[in-house]
1. Could you tell me which numbered condition THR282 fails, if it satisfies all but one of (1) farther than 30 Å from ILE154 by Cβ; (2) in a helix (DSSP H, G or I); (3) open to solvent by 40 Å² or more (accessible area, probe 1.4 Å); (4) among the β-branched types (Val, Ile, Thr)?
2. Got a number for residues in the stretch 214-231 being under 20 Å from LEU190 (Cβ atoms), open to solvent by 10 Å² or more (accessible area, probe 1.4 Å) and over 15 Å from the mean Cα position of the chain (by Cα)?
3. Can you confirm whether the stretch 154-165 contains a residue that is within 24 Å of THR224 (Cβ to Cβ) and crowded, with 20+ Cβ neighbours inside 10 Å?
4. Only one of GLU141, GLU149 is under 27 Å from GLN209 (Cα atoms), charged (D, E, K, R) and in contact with a Pro (Cβ under 7 Å, 6 or more places away or on another chain); which?
5. Can you confirm whether ILE86 is crowded, with 19+ Cβ neighbours inside 10 Å and at pLDDT 95 or above?
6. Residues of the stretch 44-93 being closer than 21 Å to GLY123 by Cα and part of a loop (DSSP other than H, G, I, E, B), which ones?
Amino acid sequence: MRTEYPLLQFGFCLPIFAGSGDVHPRTPLIERVSASQIESSILAAEALNFSSVWVVDHLMLGREQSILEGWTTMCWVAGLTKRIKIGSIHLSNILRPPSMIAKIASTFDVISGGRLELFLEAGHRGIEGESQAYGFNFDEEAKRLEAFEESLTIIKMMWTGNPITFTGKYHSVKNVVNQPLPIQVPHPPLWIGTLGSDEFSSKSAPNGQLLELTAKYADGWNNTPASIEHCRKMLQALKKVCIKNDRDYSTVRKSLETQILISPTNEDLDQLKNKISKANPTIYNAAGWERAENEFLIGDPETISHRILEYAALGIDHFQ
């Protein structure tokens, strides 16, 4: 009997920072930030019928800390394209007040013709240095999560009604009017993500609390690179918190943010892996490749297709 899966959608994460020589091995290792290279990637993604393009939100990252600012880049993408959805990927709650996020997002949805996908995060430990360098406070985890929930509340209120007043511990607005409202009804899709860590909940990955917030506020949930086993565990946990919060689990879109290393044949793949190992031997040794092949999509086209369907069988319907 043939197994039926929901229609799978694929998003492309733009290479907006230089990665050559970087210790972050799962990004496009471009030598320098190149507007022409990024533009060709944008146009290719739409021409190849990717459903979405995603833009990372960092201020300092990669080689020489060289990276484009996220919202500005998203506006550029909107002007170059007609159809493709445009998403922020891990937009940091620390860098902007929620009222401004709501206003900017509403404007973007209007000028792009209703193509925004807003993926927010509380601020993970990986952005602590750049946040502080730019003059933003980086509070302890519990405070960041509390402030994040207040932001989610304000943003959704500002997307659906006017005027609104909210007084919180970290964020407040008074009689704020957000016009024009977003085009998408009831509002642009709101995403929250968890980390593909081996630890279900740790100081670097407060996944339990983030799943709770997903069930309460989000339209979509995203997991960073994760094995089949870990992804299954996270989805089971998400289902439990949805039941706890009286949320229909089937209404939550489920995405995997991952990497693909693909070659026409296994022989070609081995040659490519050897090149990668020579460029980054401390990370891509035997143990590193074992982990990569467990968490990423690596192989020839048939192997990649099989791996995608393994995740789809769990309920993943989006791949970034």
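1. (2)
2. 2
3. yes
4. Going through GLU141, GLU149 in turn, just one is under 27 Å from GLN209 (Cα atoms), charged (D, E, K, R) and in contact with a Pro (Cβ under 7 Å, 6 or more places away or on another chain): GLU141.
5. Criteria met by ILE86.
6. ASP57, HIS58, LEU59, MET60, LEU61, GLY62, SER66, LEU68, GLU69, ASN93
The values are calculated or read from the model by the stated rules, or taken from the named source; none is laboratory data. This is a predicted model, so every value here is computed, not measured. Quick reminder, even Gly has a Cβ in these numbers, built from the backbone with ideal geometry, and neighbours come from all protein chains shown. What goes into the accessible areas is simple: the full protein's heavy atoms, side chains included, and nothing from ligands, DNA or RNA. Shrake-Rupley method; radii C 1.70, N 1.55, O 1.52, S 1.80 Å.
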